[in-house]
Every structure is written in C-alpha cells, then in structure tokens.
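Here's the structure we're looking at; comments come further down.
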C-alpha cells in the first residue's frame, strides 16, 4: 500500500519470497525428477498392496483345486519344489513379488515392474523366465492342451500330486488374469496430478508436506485372451 510520502511499503516475508523465486529455475528440474521418483516408489507400494490383498479394484480369482494340489504335493516328483500349503495366488515362492523394482529410464521417467533380466527362484527356474510368467499373470493366458501335456498330468495323477488326470474333453487350460500392475495403477490414478505437484513444491521448500495417498508413476498396456470353441471344454490351472 502507498504512504503519504508516495513510497510503496511491502508487508510480509518478501525477502524469502524473492529468494525462492530467484532459485526456482535452479532447483525446479531436480525437484521434478525427485518427485517422479517418489511417485514411482509409492506406486511400487501400491503394487505390493495388490499382492497382499489379492487385488484392490478387482479381486483375484482364487486358486483352482489342481493348483492347490500341485502346491502341496509337487515335492513327490521334484525334490526342489518343496511343499506350500498357502492358498494365496502368486505367493508361492515370492520370486515375482520380490522382482518388482524401480529403474530410472531418463529425466522424470521411471520404470516400475519386472525387468527382463529378473531371475526366478524355485523349481524349473531356468525353463520359465520370470518376465514371461509376470506377463501371463498380469493378462491371463489360454493354453491349448497338447498330447505331451496330457501325458504329464497323467504322470502327476499316478504319483499322487493331483487327484485325477485331465478329462478327455478338456482341450484348453485357462490361467485367469490376476493383474497387479494395472490394478495398482487404477487405484493410484485418483488425484495423482495434484499429489505430484505437491511433491514438487515440497522438494523446492515451498510447502512442508504432501496430502495422504501420494503417487507413483509407470506402466503397462492391455492384453487379450483366447477362448475355446463351442465343442471344447476348458480346465483351470491358475
């Protein structure tokens, strides 16, 4: 406001304001990149929450009986398989969940997911790359039953791993979709733009905190599943 002498008097912490404005260009780039990294970490937390809860926006299908039997009894034919009585999907060895990580790809860009070089633990580790298994569970898959596959299930039944071999009418096996990346992304999206701006402001020292439910960035596309013909029955192995 103006005083009688015609001079402008500024009230408030203008010295600090001018200092912040002067440093804006210097610190903004780093603040934005740090905010993106913080969001990526938060998104990874959301993905882990999906594993624990078995889905957030959409609950995962429960394990089929044949899968539960194989979890408990696979050690009868493979000493490295062990026995696992748990019924939570995708939580047998923990390899998939542990492989999820955050990798910087460029300025303000971070990858969240399973890297193609991720190593899988447990039995048959070399035969099935972890990134392929991750994609199967994220999108689901329909598998055509081959003669060799049918023989393998007969072998498992003879060894007491499963109760019975596949029925002759079973032509396809369906591994149901249990999305963890897209499900977490759907849960994450709400208010993420506001939270990202808050993170940038906090990193620049403009505010002291971020509202609850911060954010993370990255990831995925959709997938498709096939279906059997009208005269073909299907089984579930997921």
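The values are calculated or read from the model by the stated rules, or taken from the named source; none is laboratory data. Quick caveat: nothing in here was measured; it's all calculated off a predicted structure. With ideal geometry, Cβ positions are generated from the backbone for all residues, glycine too; neighbour counts draw on all protein chains shown.
What to note about this one:
- Filtered residue count, region 190-210, keeping only those that are modelled with pLDDT of 85 or more and over 20 Å from residue 27 (Cβ atoms): 2
- Of all residues in region 92-109 being surrounded by 15 or more Cβ atoms within 10 Å (Cβ to Cβ) and in contact with a helix residue (DSSP H, G or I) (Cβ under 7 Å, 6 or more places away or on another chain), the one that is modelled with the lowest pLDDT: 92
- Every test in (1) at pLDDT below 85; (2) crowded, with 19+ Cβ neighbours inside 10 Å; (3) over 30 Å from residue 143 (Cα atoms) is passed by residue 213 save one, and that test is (2).
- Answer residue from region 110-141, given it is loosely packed, with under 15 Cβ neighbours inside 10 Å and either modelled with pLDDT of 95 or more or within 17 Å of the chain's Cα centre (by Cα) (or both) and is nearest to residue 184 (Cα to Cα) among those: 115
- Restricting region 80-91 to residues that are modelled with pLDDT of 75 or more and surrounded by fewer than 18 Cβ atoms within 10 Å (Cβ to Cβ), the residue that is farthest from residue 28 (Cα to Cα): 87
- Scanning region 170-181 turns up no residue that is free of Cβ contacts under 8 Å to residues at least 12 places away in the same chain and in contact with a helix residue (DSSP H, G or I) (Cβ under 6 Å, 6 or more places away or on another chain).
- Residue within region 45-52 that is out of contact with any helix residue (DSSP H, G or I) (no Cβ under 6 Å at 6 or more places or on another chain), outside any helix (DSSP H, G or I), modelled with pLDDT of 90 or more and surrounded by fewer than 14 Cβ atoms within 10 Å (Cβ to Cβ) present: no
- Across region 139-166, the qualifying residues are those that are in contact with a strand residue (DSSP E or B) (Cβ under 7 Å, 6 or more places away or on another chain) and not in a strand (DSSP E or B), and the one among them that is nearest to residue 96 (Cα to Cα) is 140.
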